[in-house]
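The values are calculated or read from the model by the stated rules, or taken from the named source; none is laboratory data. It should be emphasised that the depicted structure is a prediction, and the values quoted were computed from it without experimental measurement. Ligands, DNA and RNA are stripped out before the accessible areas are found, and what is left, the full protein with its side chains, is counted by its heavy atoms. Shrake-Rupley method; radii C 1.70, N 1.55, O 1.52, S 1.80 Å.
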Amino acid sequence: MSSLLQSISRAAFALLPTLPYATAEKAGCGGLAVKAHHLSACARVDGPIAFRGASFEIPCGCRTALIGPNGSGKSTLLRVLAGLTPVLAGEVEVAGEKPRLGRRRIAYLAQRPHLTEHFPLRLRRLVQMGTYAHHGWFEECFHGDKAVDLALSQMGLTDLAERPVHTLSGGQLQRGLIARAIVQGAELLLLDEPYAALDQASREIIDRFLFDQDRAFTVVMATHDPADLGRFDRILEMRGGTIHTSHACEGHDHRHA
């Protein structure tokens, strides 16, 4: 019996790394990155409605700004698109599917990342986590080192690779999280006020990455800064529980840069 149990245990642990962490998806965007029809949602299950009856579209490759006063529902909408907050009513498709957790093609960066203080996690390992969506459970991901090095370089973080994350500044951490999204190969970036409390150097580095015309990903970003808006292709204004497309370039001519 003991021998049988050991055989079963070995077989189970051999199988676990082959089980995908995330469901395989077709790469490439098929016209619309986001499509919402009469969408309504609450920030919390027992809370008031954040917005209702919203219908809008975001084309693939479009840089879209979410604007509106505090409490207008910007964070809630991003969490809905990320699959973290359920839809109350209506329909929404993100990269051709209903929102759900664990998607390889989508990266979500919260306004205030929740990292356990003094947890022994180094920046390189944080960025390397972007490869997890492409591997099995408990599978080691050393073969992502080249991609990690490149992402760290793009975000100006090479010299900080072995730094514990709890010692990083807010701007350095934000750049590290974007580097993780680069390694993930995310096609849709959902960013909740990524410039909040950033130093100028970090802001310029993130700016160059997000608004590079040669990058084909889609960005949906909540922002309070009117100076940002001139670079976006589309603006969704959230106010009084509604969402209104206040600017949309005809034909989506990639006005950002």
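For residue 32, the amide hydrogen comes within under 5 Å of the amide hydrogens of 60, counting only partners 5 or more places away or on other chains and with H modelled in the peptide plane. Largest accessible area first, the listed residues 112, 125, 239 line up as 112, 239, 125 when surface is computed with a 1.4 Å probe on the assembled protein chains. Annotation: amide H of residue 63 within the under-5 Å range of 219, 233, 234, sequence separation 5 or more or interchain, hydrogens built in the peptide plane. Computed from backbone phi with θ = phi - 60° and the Karplus coefficients 6.51, -1.76 and 1.60, the 3J(HN,Hα) list for the range 79-94 is 5, 5, 5, 7, x, 8, 10, x, 7, 7, 7, x, 10, 8, 10, 10 Hz; x is used for glycine and proline.
If the chain linking residue 32 and residue 158 were pulled fully straight, counting 0.36 nm for each residue of separation and taking away their Cα-Cα distance, it would gain 41.9 nm.
Computed with a 1.4 Å probe on the full set of protein chains, the accessible area for residue 93 sits at about 90 Å².
Maximal additional length on extending the residue 89-residue 166 stretch stands at 23.8 nm, based on 0.36 nm per residue less the C-alpha distance. Shown are 46, 233, 149, 212, whose ranking by accessible area with a 1.4 Å probe and every protein chain present, most to least, is 46, 149, 212, 233. Exposure check, 1.4 Å probe, all protein chains in place: residue 32 carries approximately 60 Å² of accessible surface.
For residue 106, the accessible surface of its heavy atoms amounts to roughly 20 Å² (probe 1.4 Å, protein chains only, rounded to the nearest 10). Our estimate of slack between residue 214 and residue 146, defined as 0.36 nm per intervening residue step minus the Cα-Cα distance, is 22.4 nm.
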